Structures are given as structure tokens and as C-alpha cells.
Amino acid sequence: MQRIYQFFRQRKKTTLLLSILLLGAGILLVRALSPDTAQARYVLEVAEQGTLATSVSGTGQVQGEAEIEVKPEVSGKVTQLVAKNGQQVAEGDVIAVLDAKDAQKTVRDAKISLESAQIAYDKLMADPDTLSLLQAENALAQAERTLSDLENSPTSEELDDAQDEIDKAQRSLDQAERNLSKVQVSAGQDLESASENGYNTVVEAFADITGIMTDLSDFIGTEQSEEEYIGYYNLMADASYTEDVLSDYETAQDSYDEAWAAFQNSSRDSSTEEKTEVISLTLEAAEDISNALNSDQILLNRIEDNGYSDSAIAEHIDEMMTTIPADVVATNGIISSLQSSANTLEETDLSAPNSIADAEDTVEEAENALIAAQENYDDVADGADEDELAEAEENVAERAQQLADLTVDVDSLDVRSQKLSLESAENKYSDALEELEQYTIRAPLSGTVASMSLHVGETASSGSALAIVVADQFTAQLTLNEVDVAKVAIDDRATLTFDAVEELTTTGKIVQIDTIGTVSQGVVSYNVLIALDTEDERVLSGMSANISIITDIRQNVVVVSSSAVKSSGTSSYVEVLDGVTETGGTQGVTSNTSPRKVTVEVGLSNDTQSEIISGISAGDYVVTRTITDSATKTTTTSSASSILGGGGGPTGGFGGSFPQ
């Protein structure tokens, strides 16, 4: 060791040079073995304010004169059929109307709720005007005066006012008692007058009824033979007619005899009850006589239809042809007069107790008012008690608080709560209007009504065909699987292109969706029919069509590429790069600062874009892809291998060994 030390001490320059060479080789070796730090590049895009749509696509076929089933979305009784089979209808024409009473009530209730919510919101947001402040100040002043009056009561003026109320109540009671006596007398007089008028009508009625009964008897037979003509009638008409004539005559005769007996036993001096009974029996007899006359008239009509000129009683029948119709008219007049008298008597009899009861109620109310006035006088004389003072003090405090409320700012939470209530009411009203419209069944497209399956009064079921319309325009049919068909709905818009007509793009809307799918090899599919908005002469039935159905669309929303949206657990985020002014194209940009993660709420999404509801704004630069540049690392790694000489091969930097 001593020799080695002496050797290096004598050759200081050589030793220093060797040390420097070894240090340099070490540095080169470390660099060769250590990878360079990768430089990240960020591919950016600018979040934009725009429109985002989602769609379902498929291939279909054009067809003509398609049969479209018109299916109501609600159930209800058919109240009106506007269209008829074979009728030409335009798109939107009314085909039928369903009973919408419940839906109309829902609309009315929703409208009232909306107006109430709007008033509450306006009231909350409105600044207090001068009038409101003045009213609140006056209310407070009045409450304070009331409290002061109670504290200083009673005054002589208050006692005088209370006594005036007693005098006024006594006068009202006296008037009510006089009116009750007047009503009681008048009721009896009115009832007596009505019964007297009714009895006079009975007297007049019997003057005619007796002759009519004679005509009924003459129609059947003669004094020598009461049923002399019945046999002749049976030769000219079925026996059932004469059976009715005899039966109704016997009933009329019995009623007449009973009424006549009651009339004979009465007089103008009879009681109201007896006169009422006579009127009732006479009216019943007149009605039975009318029935008998109607049976006679029916028999005469039958005989006239069959002919009777050769009959032995032709002259008798001619006479009856004139007599019976005249008796029918006279009897109807008698019934009308008697019924009017009976009604008047009944109404008078019913109204009299009611009038008396009303007058008695008025007396009772007046008595109660007098008692209340006397009690009020006693209360005033006793002065204000503790409860009244407490109530007055509470009223002063409430009025003061109301005035204070007008001068303070509205709480933000109250505003938000009321605004949400208003929005909820608006949505319910809109939903109610939409549901009401569903009770009016309209043609989905122009065409001819081919089949109406229901009639007025029958019930239409939701989802069941009410009618069929044969389309005038071209339609296109495509098939969707069970996943895609759940995303589309009637009236959804669609765009169509055609392989046979490359430059043509047309639009349409869904008019029919099968409710029952078709199963093929385990796959369930549904037919969807689309009506074309316009017709082009180049489009022919049977042509293939590429169809894209728009299932949802959002306008004026913040949109970014779907690749920019990333997930972390149950939340989503995007990376926003600050401090940049350009996207850098496909090569991206570098930055000394890393992007910041921003949690976002994602709305509608399609295959390429996503709606951002909250988190970022239009104009923010978001990262869609990160590129790590590893070119320097590769080059450095190759050079290091050459320096180590263990794997560079013939192409290595130094041929695999240190230079000599």
C-alpha cells in the first residue's frame, strides 16, 4: 500500500487526469441508464354552446298506401265521431272525440293552482308600494287606538251606543212579531182561496164529463143492449182491441162514480181537506176517461184501416169518428184545468208552512239579537277584561310585525321555494293540457278513413285501434330491436336518405309503432312506420331507405366530445387546461401546468358528444386526449446500450468495446 501511495504522490498530474476521465465515464453511464422525463402533450377542444341530438338508425323500405291504425293514448267513452268511413282527412283532422270531463276538471284545477302560485310569487317579489305601507301604518295606528280605548273604557259614548243597539234590536223584534201574525193569517186565506178556485173547476168539469161518459157508453152499445156494437167491432178488428175498450170503460165508470159521489156529498162550504179530496178524485176520473177515449180511438183507427163501409153499423161508426176525437180534446182540457188547480192547491199548502217557518225564524233571530245587545251593554258597562286587553295587545304586535315585514328584504330561500312551487304548477298545468288534447283523436297523416271500429257511446281503450287511415303519401317501414324501439315514440322526427337517389335527403315522422313484437332466432323486433313529409318523383315504392330517428334534442347547451368526459366512481369529470388560447390540432399543446379536474353533471349523450349541464362553461379548453412524447427516451436508451458495449452489435456506437 505504501508503494501505491508513493506512486500516485509522485505522479499528481497523471492521477488528476485519470480521476477526471473516470468521473466523466460515470456521468455518461448514469445518463445512459436513466430514462428522460416524458414530455406530455394535450389534445384540446373548446366547449361550445350548441345543439345536441340523439338518434336511432336503421334501414327500411318505402311503401305506398300503408294502413295506419289510429290508437288513442287514453281510454274513454266516444262522445262524437267526426269522420266517417270513406272520408278523406288531412293530417291533424279530428276523427273522434272522447269523454274528457275528468281531464277538463284537471285542467281547471291546475289553472287555478298556477294562478294562485303566480300571485304568491308576484306578491313575494313585489316591492312594497306607498299604498301598502300607508295601509300597514294605519292598521297599526287603529290597533293602538283600540288598545287605548279598552284601557280607558267604558266611556259615556260607548254606553249610549250600546243602549242604541238594544233599542234597535227591540224595534226589529216588534216588527218580526207583527210580520209573523200577518203571514199566519195570509197563509190560511191563500189556502182557502186555492181550494175554492179548485172546487169551481170541478163544477165546470162535471158539466162536460157527464156527456163524455154518455158518449163512451154509446160507443159500446145502446140502452137495449149495453154491448151491442162489440160483436160488430170484433168482425172488423181483433178482439184484443175491444177487450181494451171494455176494460178501460169499466175503470173510467168506477172512477167517475166515486168522484161524482164525493162531489154530491160536498159543497162550497166544505173544508179545505174535503175540497182537495174532490179535486183529486175528479182529476183521476178525467184521466181514466181519457184512457178509455184513447182505446176507442185506437179501435176506430183500426176499423178505418180495414174498411167498414159494408158494415151494418157504418152510420154509427161515422158518428163515433167525429164524437170520440172531439171528446179527447175536451177531456184533455178538463185534465189540464184540474191539474193546474191541484198544483196550485199543493203549492199553496206547501208554501204556507214554509212562509210561517221563515217568519218564526225571523222572530227568533230578532230575539237573539236583542239578547246579544243586552249582553253587549253589560260587557261595556263592566269595562274591558284581561282577555280583551291581551287580545288587543297581541293585535298591536301583529300589526307592528306586518309593517316591519314590508320594510325588510325578501329571504332568498323563500324566493327559491316559491319559484319552485310556481314551476311545479306550470308543469302540472302543461301536463293537464297535453292530457286533455289526447281525448281529441286526430288523423296521424293525410288519407282515407277505411274502418271505424266504434260507435258513439262505446268505450275506446288506450292502445287499441279506433280507426284505420289509408295513407295518401309514401311511407317507410323499418324494423327496430326491443332496445331501440323503447327510445322512439309517435311523432318523433326522422331523416331519410336513399341509396338509389344519392343527393336526396327528406324528412318524416313516426305515425305507427307495433305494440306486439316479432321473435326471430331469439331476437324481438318491432315494425315502425314513418310518413314522409314530401314526395319526390324519384322515390319509388320498394326503394331502400337509410333512416335516422331523432329521439331527443337539446338546444343552446354546453357540448363537448364524449372522449373528454371521464368517470371516477359515481361522478364524472373533465380536465380543463387553463392559460391556453388554441387547441394545437391533432398534435396537441404542451403546458408547464397540469390540467385541473372539474366535476361535471352530464346530460344527454350520443356516440360522439355529451351535454354538460353544470361544471364548465362554453369557451373552456378541455382535454380530449393526452400524448406522452417518448422519442428522446428511445434515442437515449440506444446510445447508452452502445456505451456499455453489451448489445449494440455491429451497429453500436463504439463497436462493442472501449477505444485504446
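If you add up the charges near residue 192, with Lys and Arg at +1 and Asp and Glu at -1, over every other residue whose beta carbon is less than 14 angstrom from its beta carbon, what do you get?
Details: positive: 268, 275; negative: 190, 196, 269, 273, 274, 349.
After counting each charged neighbour, the total is -4.
Extension gain for residue 225 to residue 489 (0.36 nm times residue separation, less C-alpha to C-alpha distance): 86.4 nm. In the full protein context, the stretch 107-163 carries 70 Å² of accessible surface per residue, based on a 1.4 Å probe and ignoring ligands, DNA and RNA.
Counting only lysines at least 8 places from residue 419 when in the same chain, those with an alpha carbon closer than 27 Å to its own are 105, 111, 123, 428.
The calculated FRET efficiency for residue 167 paired with residue 270, based on their beta-carbon distance and R0 = 51 Å, is about 0.55. The eigenvalues of the Cα gyration tensor, multiplied by 5 and square-rooted, give the stretch 167-256 an equivalent ellipsoid with semi-axes of 59, 14, 7 Å from largest to smallest. From helices alone, the chain scores -18500 deg cm²/dmol at 222 nm; the rule is -39500 (n - 2.57) for each run of n ≥ 4 DSSP H residues, then divide by the residue total.
Model label sites at residue 389 and residue 235, defined 7 Å from Cα along the beta-carbon direction, differ in position by 11.3 nm. The residues neighbouring residue 114, those whose beta-carbon lies less than 9 Å from its own, together hold a net charge of 0 under the Lys/Arg +1, Asp/Glu -1 convention.
Evaluate E = 1/(1 + (r/R0)^6) for residue 287 and residue 118, where r is the Cβ-Cβ distance and R0 equals 60 Å; express this FRET efficiency to the nearest 0.05. E between residue 287 and residue 118, to the nearest 0.05, is 0.45. Note on the chain: Kirkwood radius taken over Cα pairs, Stokes-Einstein applied at 25 °C and 0.890 mPa s, translational D equal to 61 µm² s⁻¹. In plain terms, the C-alpha convex hull of the stretch 243-392 casts an average shadow of 18.4 nm² when viewed from every direction. Of the heavy-atom accessible surface of the stretch 60-198 (probe 1.4 angstrom), what whole percent is carbon and sulfur? The computed percentage sits at 47. The calculated Kirkwood hydrodynamic radius for the stretch 309-392 is 20.1 Å, given to one decimal from all distinct C-alpha pairs.
Taking 7 Å steps out from each Cα toward its Cβ at residue 536 and residue 152 produces label points 9.4 nm apart.
Report, to the nearest whole %, how much of the accessible area of the stretch 292-356 belongs to carbon and sulfur atoms, 1.4 Å probe, protein only.
Numbers: 1580 of 3410 Å².
Using a 1.4 Å probe with all protein chains present, the stretch 292-356 comes out at 46 percent carbon and sulfur.
Here, the stretch 128-215 has an Rg and a Dmax of 32.4, 93 Å when only alpha carbons are counted. Couplings 3J(HN,Hα) for the stretch 282-293, derived from phi with the Karplus relation 6.51 cos²θ - 1.76 cosθ + 1.60 (θ = phi - 60°), are 5, 5, 5, 5, 4, 5, 5, 5, 4, 5, 5, 4 Hz, where x marks Gly and Pro.
Summed over all non-identical Cα pairs, the Kirkwood treatment of the stretch 37-135 gives a radius of 22.1 Å. The angle between the Cα long axis of helix 631-644 and the longest principal axis of the Cα atoms of the chain comes to about 30 degrees, rounded to the nearest 10.
Determine the share of the stretch 491-582's accessible area contributed by carbon and sulfur atoms, expressed in whole percent, with a 1.4 angstrom probe.
Details: 2250 of 4990 Å².
The nonpolar share, carbon plus sulfur, comes to 45 percent.
Within the same chain, lysines fewer than 8 places from residue 509 are excluded, and of the rest, those with a Cα less than 24 Å from its Cα are 71, 487.
A 1.4 Å probe run over the protein chains yields, for the stretch 334-473, 60 Å² of accessible area per residue, whole-number rounding.
Mind giving me the FRET efficiency for residue 218 and residue 258? R0 is 30 Å, r the Cβ-Cβ distance, nearest 0.05 is fine.
Numbers: r = 22 Å, r/R0 = 0.74.
My answer for the efficiency is 0.85.
Rolling a 1.4 Å probe over the heavy atoms of the protein chains gives the stretch 200-239 an accessible area of 52 Å² per residue. With no solvent and one equal point scatterer per Cα, compute the Debye intensity ratio I(q)/I(0) for the stretch 242-320 at 0.11, 0.19 Å⁻¹ and report its log10, rounded to two decimals. With one equal scatterer per Cα and no solvent, log10 I(q)/I(0) is -0.43, -0.80. What fraction, in whole percent, of alpha-carbon pairs in the stretch 481-559 exceed 19 Å separation? Tail of P(r) above 19 Å: 47 percent of Cα pairs. With a simple spin-label model that places each label point 7 Å from the Cα along the Cα-to-Cβ direction, the separation between residue 82 and residue 243 comes to 5.5 nm. For the stretch 344-378, the residues whose amide N sits under 20 Å from a probe point set 7 Å from the Cα of residue 177 along the beta carbon direction are 356-375. Principal axis extents of the Cα atoms in the stretch 409-481, from largest to smallest and rounded to whole angstrom, are 66, 36, 25.
Annotation: Cα Rg of the stretch 290-350 relative to the compact-globule expectation 2.2 N^0.38 Å equals 1.63.
The values are calculated or read from the model by the stated rules, or taken from the named source; none is laboratory data. Keep in mind that what you see is a predicted model, and the values were worked out from it rather than measured. Neighbour counts run over all protein chains shown; Cβ positions are idealised from the backbone, glycine included. What goes into the accessible areas is simple: the full protein's heavy atoms, side chains included, and nothing from ligands, DNA or RNA. Shrake-Rupley method; radii C 1.70, N 1.55, O 1.52, S 1.80 Å.
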